[in-house]
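Visitor: Before we start, here is the structure in question, set down as structure tokens.
Just so it is clear, none of the values below were taken in a lab; they were calculated from the coordinates. Everything numeric in this text was worked out from a predicted model, so none of it was measured. All Cβ positions, even for glycine, are placed from backbone atoms using ideal geometry, and neighbour counts span all protein chains on display.
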Amino acid sequence: MTNVIRSVEHVVHLLPQTKQLRALHASIRDRHAQREDFVFNASRIIRLLVEAGLELLPFEPHDVQTPVGRTYHGLRVSSQICGVSIARAGESMEVELRAVAPGVRIGKILIQRDTTTKLPHLFYAKLPDDIADRHVLLLDPMLATGGTALAAIEVLLGRGVPQEHVVFINLLSAPEGIAAVHERFPLVRMVTSSIEERLNENAYMLPGIGDFGDRYFGTD
Ligand code: URA
């Protein structure tokens, strides 16, 4: 699996593993964490991830005049963007996206595993009409097997979004999920704050965080 990760290095953007980030991870991975601490610290990591995702968008030169009469040769994002959250856990990332991109359009996709076939089933998709002309920040904190991710990306491509316009943002990623996404959609870029060891027999990541949605929304 390490070889797969190595071969996808150019599309997987792992946040720098700073002391600060590891402290935030220790806080949210602690099984005894209080919910408000979990939400607060997970949101801090999500903010870093969203900022890193914005870095992958196209930029164009943008000069401005400073108050002291000089020109600053800067940049600005040259593409329209939108967010798409994969319900339910992905909704936890919407606030942080709105905080850095006020007024951003946010679509939603709900995919659940069919209890009989065990295959991911699309229940709901509400996306901006002009999504094909935008770069998409696809939001799901957990990339485990990749089944849901593949189905969600399929929906985006079906609406005309090119693979290379999709930036998939996850808090934790399993090597199995990264490999699944990369094998099917080699141009999709991924941003994560941790690549975990592996999945357990119940498809939870190890060392992991447990059920992110339950811990974030208080339904455990
Ligand atoms: N979803 C979660 O919430 N946690 C995992 O470890 C895997 C999928």
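Visitor: Can LEU75 be described as surrounded by 12 or more Cβ atoms within 10 Å (Cβ to Cβ), touching a residue at least 12 places away in the same chain (Cβ under 8 Å) and away from the ligand (no atom under 16 Å from the Cβ)?
Guide: Details: surrounded by 12 or more Cβ atoms within 10 Å (Cβ to Cβ): no; touching a residue at least 12 places away in the same chain (Cβ under 8 Å): yes; away from the ligand (no atom under 16 Å from the Cβ): yes.
Answer is no for this residue.
Visitor: What about ASP114, is it within 28 Å of GLY208 (Cα to Cα), surrounded by fewer than 22 Cβ atoms within 10 Å (Cβ to Cβ) and of a type in the set (Asp, Glu)? Walk me through it before giving the result.
Guide: Numbers: within 28 Å of GLY208 (Cα to Cα): yes; surrounded by fewer than 22 Cβ atoms within 10 Å (Cβ to Cβ): yes; of a type in the set (Asp, Glu): yes.
Yes.
Visitor: Does the stretch 43-72 hold any residues that are exposed (fewer than 10 other Cβ atoms within 10 Å of the Cβ), out of contact with any strand residue (DSSP E or B) (no Cβ under 9 Å at 6 or more places or on another chain) and not small (Gly, Ala, Ser), and which are they?
Guide: Answer for the stretch 43-72, where residues must be exposed (fewer than 10 other Cβ atoms within 10 Å of the Cβ), out of contact with any strand residue (DSSP E or B) (no Cβ under 9 Å at 6 or more places or on another chain) and not small (Gly, Ala, Ser): PRO67, VAL68, ARG70.
Visitor: Moving on to the next point. For ARG134, are the conditions met, namely being away from the ligand (no atom under 13 Å from the Cβ) and among the basic types (Lys, Arg)?
Guide: Working: away from the ligand (no atom under 13 Å from the Cβ): yes; among the basic types (Lys, Arg): yes.
The answer is yes for ARG134.
Visitor: To continue, here is another question. Would you list the strands (runs of 3 or more DSSP E) that sit entirely within the stretch 1-107 and hold 3 or more residues that are over 29 Å from PHE123 (Cβ atoms)? Explain how you work it out, then say what you get.
Guide: Values: elements: 12-14, 59-65, 71-77, 81-87.
So the answer is 59-65, 71-77.
Visitor: Taking the stretch 163-188 only, how many residues are surrounded by fewer than 23 Cβ atoms within 10 Å (Cβ to Cβ) and within 15 Å of the ligand (Cβ to nearest atom)?
Guide: Final tally of qualifying residues: 3.
Visitor: Quickly run through the stretch 140-158 and pick out the residues that are without any contact (Cβ under 8 Å) to a residue 60 or more places away in the chain and within 14 Å of the ligand (Cβ to nearest atom).
Guide: Restricting attention to the stretch 140-158, the residues satisfying the condition of being without any contact (Cβ under 8 Å) to a residue 60 or more places away in the chain are 140, 143, 145-147, 150-151, 153-155, 157-158.
Selection gives ASP140, LEU143, THR145, GLY146, GLY147.
Visitor: If PRO128 passes every condition in (1) surrounded by fewer than 17 Cβ atoms within 10 Å (Cβ to Cβ); (2) more than 15 Å from the chain's Cα centre (by Cα); (3) not small (Gly, Ala, Ser) but one, which one does it miss?
Guide: Status for PRO128: all satisfied but (1).
Visitor: Could I ask something else about it? Given the conditions (1) assigned to a loop (DSSP other than H, G, I, E, B); (2) touching a strand residue (DSSP E or B) at 6+ places or on another chain (Cβ under 8 Å), which single one is not true for LYS118?
Guide: (2)
Visitor: A follow-up question, please. Scan (1) surrounded by 20 or more Cβ atoms within 10 Å (Cβ to Cβ); (2) more than 8 Å from the ligand (Cβ to nearest atom); (3) part of a loop (DSSP other than H, G, I, E, B) for the single condition ILE209 breaks and write down its number.
Guide: (2)
Visitor: In the stretch 124-139, how many residues are part of a loop (DSSP other than H, G, I, E, B) and either in contact (Cβ under 8 Å) with a residue 40 or more places away in the chain or within 25 Å of GLY213 (Cβ to Cβ) (or both)?
Guide: The number of residues fulfilling the criteria is 4.
Visitor: Could you list, in sequence order, the residues of the stretch 59-78 that are closer than 19 Å to ARG98 by Cα and not hydroxyl-bearing (Ser, Thr, Tyr)? Can you show your working first?
Guide: Going through the stretch 59-78, the residues closer than 19 Å to ARG98 by Cα turn out to be 76-78.
Answer for the stretch 59-78, where residues must be closer than 19 Å to ARG98 by Cα and not hydroxyl-bearing (Ser, Thr, Tyr): ARG76, VAL77.
Visitor: Would you mind telling me which numbered condition in (1) of a type in the set (Val, Ile, Thr); (2) away from the ligand (no atom under 16 Å from the Cβ); (3) free of Cβ contacts under 8 Å to residues at least 60 places away in the same chain VAL191 fails?
Guide: (3)
Visitor: Tally up the residues in the stretch 195-206 that are away from the ligand (no atom under 11 Å from the Cβ) and assigned to a loop (DSSP other than H, G, I, E, B), please.
Guide: Qualifying residue count for the region: 2.
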